[in-house]
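Each remark here refers to the structure printed beneath this line.
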Amino acid sequence: MTIRVLIADDQAMVRAGFAMVLAAEDDIDVVAEAEDGVHAVELAERHKPDVALMDIRMPRMDGLEALRRLTRPGTVNPPKVVVVTTFDDDAYVQRALSEGASGFLLKDSGPALLVEAVRAAASGKALVSPAITVRLLERLNSAGPSPRAPHTALSPREEALVRLVARGLTNAEIATELTISVGTVKTHLTNVQTKLSARNRVEIAAWAWESGLVDGRG
């Protein structure tokens, strides 16, 4: 199945670079490019992409408002939105998380991570750039103790898995760390999502950070 992608960024060079990387993949097709949030929403409604790569700061409408509109309740087959950012404002990432973003990526993360983020989003998963995870952990840790939610809902193995998700590890890397199969990782993730009422692994990571299960020491 070909993954249909929309790229939204106010910088033409960024759009061209992302498009070139994605077009080289046999299973990805860039169907539209938008220079601002208004254009992104219009093109998403017209082309029905599977995944939208969304910059945060754009003219007319920023990427966070576009994300909210594209994923609003009642929307039929909304795209999975991966927020792509230079990470100059932590609050933006926190807001995107609460709005249901399906991934976070730094613009300088490189071609391999860009492709992986698109494929993860299309399959209902979410890739969180390890650099973003570390930055959020540092910010939350420096802000002082967070309100701690009870961990009793999770088994020790599930807690170990959640810590690795919060560090930005992929399923394959988690499987290696815990010495289990990738299939078992997926089963644990499904169980954790149900217990935490999380829509995706991004929200699992957010719960880990905010509950204190993960701190600046990992």
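Every read-out reported here was derived from the displayed coordinates using simple, explicitly stated rules and does not represent laboratory data. None of the values given here were measured: they were computed from a predicted structure. No Cβ is skipped: glycine too gets one built from the backbone with ideal geometry, and neighbour counts run over all protein chains shown.
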> D for region 38-111, whole µm²/s, Stokes-Einstein with Kirkwood Rh over alpha-carbon pairs at 25 °C and 0.890 mPa s: what number?
Replying inline: 198 µm²/s
>> Going by amide H atoms built from the backbone, whose H comes under 5 Å of the H on Ala34, apart from near neighbours?
In response: Ile7, Ala8, Asp9
> If you place +1 on the Cβ of every Lys and Arg and -1 on the Cβ of every Asp and Glu, how big does the dipole about the Cα centre of region 153-218 come out, in debye to the nearest 20?
Replying inline: 120 debye
